[in-house]
Every structure is written in C-alpha cells, then in structure tokens.
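The values are calculated or read from the model by the stated rules, or taken from the named source; none is laboratory data. These numbers were taken from a predicted model, which means no experiment stands behind them. All Cβ positions, even for glycine, are placed from backbone atoms using ideal geometry, and neighbour counts span all protein chains on display. The accessibility values were calculated without ligands, DNA or RNA, using every heavy atom of the protein model including side chains. Shrake-Rupley method; radii C 1.70, N 1.55, O 1.52, S 1.80 Å.
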Amino acid sequence: EIDFVNGKFISVNDIMCRYSGYSEEEFLSMNPLELLTQESLDSYLKRLERLMSGQVDSTNVEYDIKKKNGDLITVLLNAEYIYKNDRISGAHVVVHDITELKKAQEDKIQAQKIADEQNKMALVGQIAGKMAHDFNNVLSVILGTTELSILDCEEPEIKRSLELILEQALRGKNLTKNLVIFAKDQEPR
C-alpha cells in the first residue's frame, strides 16, 4: 500500500521483498519513487498528473524498477486508488514480475525477424536461380549462333569479333552457373 500524500510505503508483502531484494523495514523507510528507473518515473508522473486531473486511466501499467542490487526488473502494476476529499491519496498495488515474459516476447520478435530475413534470402535465391536459367537459355542461342558463324567466317576481323562475343558469352554462362549454384545453397567456384 502506498501513501501518495507522504510519499511512502504503508505496507509491503514478502513477495515484493523477494522481487526487489529490499527488506520490509527498508521498504517502509523509502519513497516508492526511488524504485523506478528515470524513464518509468517520467511515465509515472505523467500518469499521476492525468489521474489527479480526473482523467480515467487503466489500472494496469508496466514499469521498470531497480532492485536493491542494481538489476532491473519489469513489473506489471494493478492499482486500486484510494481517494480522500475527491483526491487520490494512495493506492493498493499488486505487483507482478513480468521480466521473463518481456524477455520471451523480445526473443520471439527477434526470432521472427531472423525467420523473415531467411525467407527473404530463400526467395532471392529462387529468383536468382530462375533468372539464371532464363539467361542461360539466351546465352545458349548466342553461343550456338556465334560458334556456327565462326566456322563459316573467312574474314579475320569479323572472326576476331565473333571470338570476342563467344568468349564473353562463355563468361556470362559461368556467371549464371554460379547463380544457379548460389540458388541451391552450394559454394560457388
């Protein structure tokens, strides 16, 4: 239980002591705001301001609190507010340590990102393989036509040009072979 007017804990149970590492006596001598990280404190003060102005806010809220040893835990607070003279004077608060749940959620998001990236790379591989196959068909026509033209060509200058075309088409064929190998998740040579 928290007294907002005097800024102190009125009572605390053993579970909260285990969560935080503070003894009951330490809790009763401290200001509840000392437990909050700066970001959580800022969030709490804005929330309290809204509540004091009469706005309705959720009774559940997440904060990061500092344990006695300096570690942080994420907690879900469920508050039942106490009013005196139409003003919030305190609260009965139930605290749940959701640190592991938050970590599991973050791990799940990270795993999903990795899976999405792997799916994207698999798709890139499939597209590369299909493009390489189609490009190989084009190169086969160029190679075949060039080889036949070299056999029939009697002019040296044109023959050199045809041999250059053949050489570059073979180079293109090797590149597409590497793309096909990449698409099959094999090591290209």
Accessible area per residue, Å², the chain with all protein chains present, probe 1.4 Å: 71
Computed lengthening from ASP134 to LEU48, 0.36 nm per intervening residue step minus Cα-Cα distance: 24.4 nm
Fluctuation leader among VAL124, VAL75, VAL141 - the chain, Gaussian network, Cα springs under 10 angstrom: VAL141
Where chymotrypsin sites (Phe, Trp or Tyr not before Pro) fall in DSSP loop in the range 19-114, at most 14 other Cβ within 10 Å: none
Label point at LEU72 placed 7 Å out along Cα→Cβ; residues across the range 18-44 whose backbone nitrogen lies under 17 Å: 20, 33-44
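Can you tell me how the range 5-111 classifies by the Cα gyration tensor, rounded, prolate or oblate, using a/c under 1.5 as the rounded cut? Numbers along the way, then the final one.
Details: a/c = 2.08, a/b = 1.28, b/c = 1.63.
Because a/c hits 1.5 or more and a/b fails to exceed b/c, the range 5-111 counts as oblate.
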Sulfur and carbon atoms: percent of accessible area, the chain [1.4 Å]: 54
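Assuming 0.36 nm per residue, please report the length gained on full extension of the stretch GLU106 to CYS153 beyond their Cα-Cα distance. Kindly include the intermediate steps, with their values, before the conclusion.
Details: separation 47, 0.36 × 47 = 16.92 nm, distance 6.81 nm.
Net length gain for the segment: 10.1 nm.
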Charge-dipole axis of the range 91-185 as Lys and Arg at +1 and Asp and Glu at -1 on Cβ define it, positive-most pick from VAL141, VAL93, ALA169: VAL93
Positive-end residue of ALA115, PRO32, CYS153, charge dipole of the range 7-164 with Cβ unit charges: PRO32
